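The values are calculated or read from the model by the stated rules, or taken from the named source; none is laboratory data. Quick caveat: nothing in here was measured; it's all calculated off a predicted structure. Heads up, the Cβs are rebuilt from the backbone with ideal geometry, glycines too, and the neighbour counts pull from every protein chain shown. Quick note on the areas: whole protein, heavy atoms, side chains included, nothing else; ligands and nucleic acids left out. Shrake-Rupley method; radii C 1.70, N 1.55, O 1.52, S 1.80 Å.
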Amino acid sequence: MADDDFPDLHDIETPFDRRVSGRIGAETTPFELVAGLDERDLPMPKTDEKSRSPFPLAALVRVFLFHEISGIAIDEILDRLEENPDEAAAFGFEDIPDRYGAGDVPDQSRLSRAKNGDRFDPGEYERIERRAERILELCHEQGNPMGLRSLEPEDKQDASGSTERRHAKEKRNEAAEEAAKMAAAVYTFLRAKNTSYDMETFLRVLADMSANGRTARAACRNDDDPIECENLKPTGDTFRYHPNDLHPTHLVRMHDNVVELLVEKIKRFIEFERPAKISIDSTDVPVPGDPEKTDPAVEEIGEMFEELPDDATGQFVHGVQDEDSDAKCYRFVTLNIVGQHFRIPLVVRPKPKGVPQEVLVRELYWRAQEIVSIEEAYLDAGFYSAGVLWSLNETGSDYVMSARKGKRLKRWEERNLQRHDVAVERDYGVSGSYGSIEGVSADEYARTNIVGIPHRENPDKTVLFATNKDVRDEIGLDRRRAREAIEEYSKRGEHEKCYEMVKKFLAPTESKSFRLHLFYFCFATLAYGMWKLADFRAKKDLGIPLVDEEGRTTDTVIEFDEFLGTVEDFLEEYG
């Protein structure tokens, strides 16, 4: 698949947008637009209470929608329909035989009762309001005068408490809807040809899998919470087989493209006043089943790592990092933005066997550098090698890395940390034999500064760090500054929350397919990023700062369950 095959992620349209935009001309009136909408594009309530009311629910919804779009009072709309039977018929009102009184249009009292529980739940009226807002936005995009109403500022000076709560909910809904539209780009890329299911069905099943821990087969046949739609629901085999037709390189490119759009949108709500801080880490995903029968998962890496020849291959199945276990896993390496009080996954790459760590680090770093400027990088001891240090020294960014204690560093620790609470070794050489340096002689050394900070209560827990920052230990002030230089790394427990949350978004599968696991992991990181985008936008719209007066990150405005529910509603409405 060539880059030209990717959807244009900067101009995402839902099927609803395309259908309605096609009906909007420069002189289209609100009445013509509402009367001409197909019933599938009306914001129909999920449940019709089916009272004794003889009026079709779709006709009532058209009245409410016309009211929201035009701003005309309900009683004026009803008078117009009574005086113009053809218009009433265009809205869907039918002849009602033997009805007492003249006309086939409800009075205002009947309409009010329908809205307040007689035909649908009052809370579902928000669906009509959201649909009207989106139609007005489309009118503005098409140059129709109706669109001017979408630009009118909201007057909240005299807002009551309930109005403010409603405003907050609207902003949360708008944020989640934008994330759902981004998910449509993922679907556009992944959808197999000649499918009978549509976007909202595919994504709602995938969201159900991620949120509720269901396998594809279980989600597709879930009878407790069925996903109803006009088209057929995809089967479990859809999720199992279709990703296997996609090359791993194409999957990570899809992730790269959507993340680029995600960051572009985040920059509208968060000021990047300085380069970002990033963290590189790896996540193990267990391979289900008998490890003795696990396929080697050999894949052509091709263009995934530019440093490797086109015919390079690698095995993606790894043993877990536990000497007493024979379990197997797939390993994914991620680069996350971790500074400025938000954390989002920026780059994802699978870890093949036989590929040096520095190749992965370079691939992740320079891809991220295309999206954001990088100030500082944090890495754990699993990346401590001469090759990685050499590669980081070439980036121009600061780094702090937990150092693995070989015999040489243990001797250094014993000699130096008995004298001071902080010890520094400048220009420390890590030889090529301690992790090869690709393209560099084994006699060469990667240079770094070692900082040792003893544990106050347990000397065995002393941590050593490698950094290219200007650190020294000659006097007490130098030692305090050296400790401060790596202080952010010490807060890495907060950074780990991002990886923990990504795992919560990870859909389970009983398949051993490497490509399927890669697809699910990429989708999990994107879902997490979209959730954070929704939260950033809601905070910005509601005037909530990202940090409180004490510098702590403010509480999440949109909880994950709430976010997912709004996304599902949006996909149902606009798919």
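Surface calculation, 1.4 Å probe, protein heavy atoms: His67 sits at approximately 50 Å² accessible.
I need the Debye-formula profile for region 328-390: one equal scatterer per C-alpha, no solvent, reported as log10 I(q)/I(0) at q = 0.17, 0.21, 0.26, 0.28 1/Å, two decimals. Listed by q, the Debye log ratios stand at -0.62, -0.93, -1.33, -1.45. With R₀ set to 22 Å, the beta-carbon distance separating Glu510 from Thr249 gives a calculated FRET efficiency near 0.30.
The label-point distance for Ser373 and Ile544, in a model that sets each label 7 Å from Cα toward Cβ, rounds to 3.1 nm.
Residues in region 393-407 carry Karplus couplings, in order, of 5, 7, 7, x, 9, 6, 8, 9, 9, 5, 9, 6, 8, x, 4 Hz; the curve used is 6.51 cos²θ - 1.76 cosθ + 1.60 with θ = phi - 60°, and Gly or Pro positions show x. Averaged per residue, region 335-399 has 26 square angstrom of accessible surface, using a 1.4 angstrom probe with ligands and nucleic acids left out.
If the segment from Thr556 to Asp107 were pulled out straight at 0.36 nm per residue, it would be longer than the present Cα-Cα gap by 157.2 nm. Which pairs, out of Lys405/Lys532; Lys277/Lys503; Lys46/Lys540; Lys503/Lys540; Lys293/Lys405; Lys351/Lys504, put more than 29 Å between their alpha-carbon atoms? In this structure, Lys405/Lys532; Lys46/Lys540; Lys293/Lys405 lie more than 29 Å apart at Cα. Couplings 3J(HN,Hα) of region 422-427, computed from phi: 9, 10, 10, 10, 7, 6 Hz, in residue order, whole Hz [Karplus 6.51 cos²θ - 1.76 cosθ + 1.60, θ = phi - 60°; x for Gly and Pro].
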